[in-house]
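See below for the structure under consideration.
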Amino acid sequence: MRTRTFSATLVLLAASLLGAAPAARAAATVGEAAPPFTLKAVDGKTHSLADYRGKIVVLEWINPNCPVSNRHAREGTMTELAHQHGEVVWLAINSTSPQSSNYLTPAEHQAYDRKYGIDYPVLYDESGAVGHAYGARTTPHMFIVDAQGRLAYNGAIDDDPGGRKTKAQRSNYVGSGLTAEAAGKTPDPAVTKPYGCSVKY
Amino acid sequence: MRLASIHLLLSTLLLVPEPALAAAGGWAMNGPSAVRLITPWQVAPAAATEIRLGLHFRLRPGWHVYWKNSGDAGYPPTASFSGRGLAGAEILWPAPRRFELPGGLVAFGYEREVVYPVRARLRAAAIASHEPLQWTADVDYLVCQVDCIPYRSALGVTQPVGEPRPDPETAPLIAAWWKRLPQPAESLPEVAAETAFESGGGGRALALTVRLRGVAADPLGSDLFLETNDQFDCGRPRVESIPGGMSFRVPLSRRQATLLPPATTFAWTVTGLARIGRPMETLSVEARRTVALEAALPPSGIARPLAAFARGPRAASLLIALAFLSTLLALGLWGLMEIPLLPRKGHKDLRTALGFAACAGTVWLLYALSLVVGAERLALVELALLVLALLSWLRHAGRRDKLEGPP
């Protein structure tokens with residue numbers, strides 16, 4: 001009996017020590033489960049990715065103090081796309097650290113959202129944990145999560161970092177990705193290089 | 001020359017970007033940055049078919065502009081060139097440096113001052129007419145400190161043509177930055193470059209290794225920059241000295257869970273090198289190599305489906321637990337440990353043989369584990385199994401001594 005307890009303890013100890021050690025690097029990979037999260041929006045409401053299982057979700061990393069993110073707000077790139085694809089859940093995530101000069105209080109963010117007609121939830125990720133789980137690097141940095149909760153797209157909003165093309169001339173990767181998802185296909189390209197300011201972790 | 005300097009001074013003071021009849025166009029002043037288009041000639045030779053222009057940036061301390069791969073954030077400058085006699089123009093990319101950003105992000109680029117060399121091809125007929133040529137560059141760029149500001153500027157320069165006369169300011173400036181362009185590895189006979197793709201952990205632990213022989217690290221340090229490859233995210237390179245050269249290992253992580261193609265192309269630039277025997281000469285080397293990805297995946301047919309299954313820490317825990325169970329089974333069969341339901345008497349040879357079979361199972365499970373975890377964790381598991389075996393043998397020996405009593 002004592003031997004059994006002794007060996008069981010050993011097995012449990014070793015498995016918990018070794019099995020629980022962190023893996024090398026876990027960034028979100030297209031085709032695999034999107035990292036789950038629960039975050040508070042600027043209006044205080046809580047949103048979990050799990051709440052939207054069965055729907056396509058777009059995640060947009062946002063920072064109103066980043067001129068590139070702000071240009072898209074001014075041009076209505078995101079809001080127009082969100083309205084065009086009414087079936088899709090659009091969530092903006094702001095991972096700016098409260099220590100950063102770019103940080104906005106929720107009230108300031110709400111005023112900004114009203115000014116630019118941003119009518120979808122803007123979630124605060126002040127610790128940057130969700131940003132790091134997705135590997136969000138820029139504002140904007142876009143992700144599409146499919147109805148099964150798998151990551152379907154990771155990258156830029158479009159092919160025009162400097163914003164010199166007209167909207168019609170741009171290849172909007174999220175727009176074409178959502179059209180593909182709606183038709184039961186996978187976005188192509190599924191990965192692109194995001195552009196913009198660095199996320200202010 | 002004095003006129004040119006005065007013009008330059010005036011256009012700088014007046015902050016007006018305008019075409020200048022000289023080797024340099026006026027500065028476009030954009031917040032923390034200033035940019036102008038320069039040529040190395042006060043008067044360009046009428047027989048020229050190619051000319052080395054430059055996009056000259058000056059930046060306030062702490063601000064940077066980008067290399068062709070901007071790193072985790074930003075974007076590289078783009079320019080469309082036009083003008084009489086210009087048949088084509090291409091921006092070239094001098095050796096960059098690395099900027100650390102909050103959150104472990106990195107950017108690749110240049111600070112304080114940079115001249116992006118521009119290789120421009122000329123139309124012989126236009127230049128032979130000896131009339132001044134007006135060129136413009138419509139430039140888009142992002143300048144960042146921690147904050148970023150995008151700018152767009154129309155730059156211009158007017159290039160007189162005739163009896164060639166280099167400009168004493170811009171010609172050495174362009175030449176100095178041209179020298180900072182990475183040299184193709186193929187063009188350096190004394191340098192041997194080897195590019196290899198490594199895959200461990202069932203396709204999870206990927207890395208690109210570049211070994212350069214015939215070079216040493218510059219005292220200021222050596223670094224490796226990869227051009228973007230959409231299939232992978234790149235980590236920080238581990239730089240090591242190897243006999244007769246340097247080695248760079250860049251961890252890669254896959255951005256997509258689909259099967260890897262049989263081969264892919266990596267373009268790398270290594271900066272901060274010195275030629276062996278010529279330590280004063282700083283060198284950057286670049287190469288574009290297609291490497292096989294398939295060959296680097298687990299070789300065994302059994303391991304492949306297992307590697308596909310074994311993703312993430314839960315699979316590792318399961319494999320570790322099974323390895324412990326099969327070891328316990330072996331110890332039980334050998335009679336070193338009491339395990340219920342296992343016969344402890346009789347068929348001694350059969351029990352010993354089955355114990356070895358259980359050990360073989362442990363070996364296979366550890367092999368499978370090696371596809372999922374790193375070498376250190378694998379060694380820890382093996383050590384723990386050894387300690388388990390040692391402890392059970394010590395207990396067994398102690399009990400046996402008690403039963404047998406003192407001799």
- Among residues belonging to the stretch A:117-135 that are surrounded by fewer than 17 Cβ atoms within 10 Å (Cβ to Cβ) and away from every other protein chain (no Cβ under 14 Å), point out the one that is nearest to A:W61 (Cα to Cα). A:D119
- Message: Report every pair of residues separated by at least 6 positions or lying on different chains whose Cβ atoms are under 9 Å apart, first residue within the stretch A:28-45 and over 30 Å from B:F232 (Cα atoms) and more than 9 Å from chain B (Cβ to nearest Cβ), second among the acidic types (D, E) and surrounded by 15 or more Cβ atoms within 10 Å (Cβ to Cβ).
- Response: A:V42/A:D113
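Take the conditions crowded, with 20+ Cβ neighbours inside 10 Å, closer than 30 Å to A:P67 by Cβ and of a type in the set (D, E) and apply them to B:D223. Does it pass?
yes
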- Message: When you scan the stretch B:199-211, do you find a residue that is out of contact with any Leu (no Cβ under 6 Å at 6 or more places or on another chain), buried (at least 18 other Cβ atoms within 10 Å of the Cβ), closer than 30 Å to B:A315 by Cβ and of a type in the set (D, E, K, R), even just one?
- Response: yes
- Task: Look through the stretch B:208-264, keep the residues that are more than 13 Å from the chain's Cα centre (by Cα) and of a type in the set (S, T, Y), and return whichever of them is farthest from B:E281 (Cα to Cα).
- Result: B:T258
- Of the residues that make up the stretch B:157-175, is at least one more than 35 Å from the chain's Cα centre (by Cα) and under 30 Å from B:G74 (Cβ atoms)? yes
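Within the stretch A:146-179, how many residues are assigned to a strand (DSSP E or B) and more than 14 Å from chain B (Cβ to nearest Cβ)? I'd like the intermediate steps shown before the answer.
Of the stretch A:146-179, the ones assigned to a strand (DSSP E or B) are A:150-155, A:158, A:172.
Next, from what is left, pick out any that are more than 14 Å from chain B (Cβ to nearest Cβ): A:172.
Looking only at that region, the number is 1.
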- Message: If I ask for residues that are within 15 Å of A:T139 (Cα to Cα) and more than 10 Å from every other protein chain (Cβ to nearest Cβ), which ones from the stretch A:77-95 would you list?
- Response: A:T77, A:M78, A:L91, A:A92, A:I93, A:N94
- Here, strands (runs of 3 or more DSSP E) confined to the stretch B:208-294 with at least 3 residues that are more than 29 Å from A:Y134 (Cα to Cα) are B:215-217, B:238-242, B:245-254, B:263-275, B:278-292
- Item | Residue count for the stretch B:373-399, restricted to those that are within 16 Å of B:L319 (Cα to Cα) and within 9 Å of chain A (Cβ to nearest Cβ) | 7
- Task: Could you tell me whether the stretch A:123-143 includes any residue that is touching a Ser or Thr at 6+ places or on another chain (Cβ under 7 Å) and either of a type in the set (F, W, Y) or more than 21 Å from A:F37 (Cβ to Cβ) (or both)?
- Result: no
- Item | Residue identified as in contact with a helix residue (DSSP H, G or I) (Cβ under 7 Å, 6 or more places away or on another chain) and surrounded by fewer than 18 Cβ atoms within 10 Å (Cβ to Cβ) among B:R58, B:R121, B:R112, B:R84 | B:R84
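Can we say A:P22 is over 17 Å from the mean Cα position of the chain (by Cα), at pLDDT 90 or above and within 11 Å of chain B (Cβ to nearest Cβ)? Show your work before the answer.
Numbers: over 17 Å from the mean Cα position of the chain (by Cα): yes; at pLDDT 90 or above: no; within 11 Å of chain B (Cβ to nearest Cβ): yes.
It is false that A:P22 is over 17 Å from the mean Cα position of the chain (by Cα), at pLDDT 90 or above and within 11 Å of chain B (Cβ to nearest Cβ).
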- Message: Could you go through the stretch A:136-144 and let me know if any residue there is surrounded by fewer than 23 Cβ atoms within 10 Å (Cβ to Cβ) and either out of contact with any Gly (no Cβ under 6 Å at 6 or more places or on another chain) or within 9 Å of another protein chain (Cβ to nearest Cβ) (or both).
- Response: no
- Query: Quick one: B:V143 ticks every box in (1) farther than 19 Å from B:I174 by Cα; (2) in contact with a Lys or Arg (Cβ under 7 Å, 6 or more places away or on another chain); (3) modelled with pLDDT of 95 or more; (4) more than 9 Å from chain A (Cβ to nearest Cβ) bar one, so which box is it?
  - Reply: (2)
- Return yes when B:A154 is touching a residue at least 60 places away in the same chain (Cβ under 8 Å), within 14 Å of another protein chain (Cβ to nearest Cβ) and over 30 Å from B:P251 (Cα atoms) and no when it is not. yes
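For the stretch B:226-247, enumerate the residues that are closer than 15 Å to B:P96 by Cβ and surrounded by 15 or more Cβ atoms within 10 Å (Cβ to Cβ).
Matches in the stretch B:226-247: B:L226, B:E227, B:T228, B:C234, B:P237.
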- Restricting attention to the stretch B:347-403, which residues are under 48 Å from the mean Cα position of the chain (by Cα) and of a type in the set (S, T, Y)? B:T362, B:Y367, B:S370
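If you take the residues in the stretch A:168-185 that are surrounded by fewer than 17 Cβ atoms within 10 Å (Cβ to Cβ) and of a type in the set (S, T, N, Q), which one is farthest from A:L81 (Cα to Cα)?
Among them, the one singled out is A:Q169.
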- Query: With respect to B:G355, is the statement that it is away from chain A (no Cβ under 14 Å) and in contact (Cβ under 8 Å) with a residue 12 or more places away in the chain true?
  - Reply: yes
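The values are calculated or read from the model by the stated rules, or taken from the named source; none is laboratory data. Not measured: the values here are computed from a predicted model. With ideal geometry, Cβ positions are generated from the backbone for all residues, glycine too; neighbour counts draw on all protein chains shown.
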